[in-house]
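Engineer: Before I ask anything, here is the structure I am working with.
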Amino acid sequence: AKLDPLSGPRRFRETDAEEARRRVRMTHELKAALDNDEIVYHFQPQIDLTTGRCVGAEALVRWNHPLFGSQLPGRFIHAAEQTGMILNLGERGLAAVAAFARCVNAGRDRQLRFSINTSATEFLHRDMAEVVDRILGESSADPRWFTLELTESMLLNDTPGVLDAFRRLRRLGVGLSVDDFGTGYSSLRLLETFPMTEIKIDRSFVGELPSSESKMVIVRAVIDLGRALGLTVVAEGIETEAQRALLAEMGCPIGQGYLFGRPCDGESFVKNLGSQ
Ligand code: C2E
Ligand code: CA
Ligand code: CA
Ligand code: CA
């Protein structure tokens, strides 16, 4: 069986035919899964690299499949995009994360920020500014708590509707982040075109610090660029103390990765926050 780069280690070996059957089956089951609350969100902490404090979390979708167990997004997001189910999934996800954020931020003086991954499909088939405004309004959640993460490939779709949606999202107070920054082809141009507020340095760069000299140079330059443009810079995939120290020394304000915490369910996330 081919290894799916997004799906992580396999619990058991599947043949190609088994994998194909599982994919077809999961695609058909996704709608019921949403209705049965099998789709849940895990939260991975984001850390202020100067104080060590948790400043928020990225929400990452999981499917608690009754037969196959907890499934990573690599197993079903692509199919959801192709069938249009991503539209339902995205809206339900936003509502779930908004409810969680409101609960966590109630009574906190330092409010946490929450990042949510979005697909190009959602922007192409929905007025996302309207969707976000409505859903956050229904949850009484403050738009300033949220950042939508978009990948460079989706930003290539610079149709006028998308740019307009971005501008209206910014007016609501929602942040806009370029996920996996540096892995696409037009990173610099899109920073000029779109009203972004954040860049996330892809973990393929962070993972090779400090051994790769060229990655060192690139990461330092990206941090400086982001800061010069007034953007929040988040380094993802920090796994070692050496990487943390280096990124902090380079002036990267926020970090995320297994060193600080793996994605975990909401209850564990709150417990780990402790008295922070
Ligand atoms: P991403 O947005 O780049 O998310 C980061 C991925 O890196 C997550 O995988 C996370 O568990 C993993 N990760 C975090 N820290 C480390 C680390 O220190 N080392 C390593 N090796 N990995 C780390 P996950 O949860 O499997 O998500 C995969 C992708 O699925 C995400 O990549 C994102 O593009 C997509 N995705 C996740 N949730 C959603 C969602 O709700 N909607 C949409 N449309 N896409 C989603
Ligand atoms: Ca992301
Ligand atoms: Ca990423
Ligand atoms: Ca990624």
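Engineer: Condition first: among the hydrophobic types (A, V, I, L, M, F, W, C), assigned to a helix (DSSP H, G or I), surrounded by fewer than 22 Cβ atoms within 10 Å (Cβ to Cβ) and more than 16 Å from ligand 2 (Cβ to nearest atom). Now tell me which residues in region 101-124 satisfy that.
Structural biologist: Residues satisfying the conditions are Cys103, Val104, Leu124.
Engineer: Exactly one of (1) within 30 Å of Leu273 (Cβ to Cβ); (2) surrounded by fewer than 16 Cβ atoms within 10 Å (Cβ to Cβ); (3) of a type in the set (Val, Ile, Thr) is unmet by Thr159. Its number?
Structural biologist: (1)
Engineer: Okay, next question. With farther than 26 Å from Gln82 by Cα, open to solvent by 70 Å² or more (accessible area, probe 1.4 Å), acidic (Asp, Glu) and part of a helix (DSSP H, G or I) as the only criterion, which of Glu239, Glu192, Glu130, Glu208 stands out? Break it down into steps so the answer makes sense when it comes.
Structural biologist: Values: Glu239 fails: part of a helix (DSSP H, G or I); Glu130 fails: farther than 26 Å from Gln82 by Cα; Glu208 fails: part of a helix (DSSP H, G or I).
Every option except Glu192 fails the conditions.
Engineer: Let me ask you something else. Name the residues in region 66-86 that are over 13 Å from Tyr41 (Cα atoms) and crowded, with 18+ Cβ neighbours inside 10 Å, would you?
Structural biologist: The answer is Arg75, Phe76, Ile77, Ala80, Met85, Ile86.
Engineer: Ok, one more. So, of the residues in region 211-225 that are charged (D, E, K, R) and surrounded by fewer than 16 Cβ atoms within 10 Å (Cβ to Cβ), which turns out to be nearest to Gly251 (Cα to Cα)? Give the steps one after another, and end with the answer.
Structural biologist: Step one: of region 211-225, the residues charged (D, E, K, R) are 213, 215, 220, 224.
Retained after the next criterion (residues that are surrounded by fewer than 16 Cβ atoms within 10 Å (Cβ to Cβ)): 213, 224.
Numbers: Glu213: 18, Asp224: 8 Å.
Of everything passing the filter in region 211-225, Asp224 is nearest to Gly251 (Cα to Cα).
Engineer: Regarding region 46-62, can at least one residue be identified that is surrounded by 15 or more Cβ atoms within 10 Å (Cβ to Cβ), basic (Lys, Arg) and over 19 Å from Leu148 (Cα atoms)?
Structural biologist: No, the conditions are met nowhere in region 46-62.
The values are calculated or read from the model by the stated rules, or taken from the named source; none is laboratory data. None of these values were measured; they are calculated from a predicted model. Positions of Cβ are backbone-derived with ideal geometry, glycine not excepted, and every protein chain shown enters the neighbour counts. To get the accessible areas, we keep the full protein, side chains included, count just its heavy atoms, and leave off ligands, DNA and RNA. Shrake-Rupley method; radii C 1.70, N 1.55, O 1.52, S 1.80 Å.
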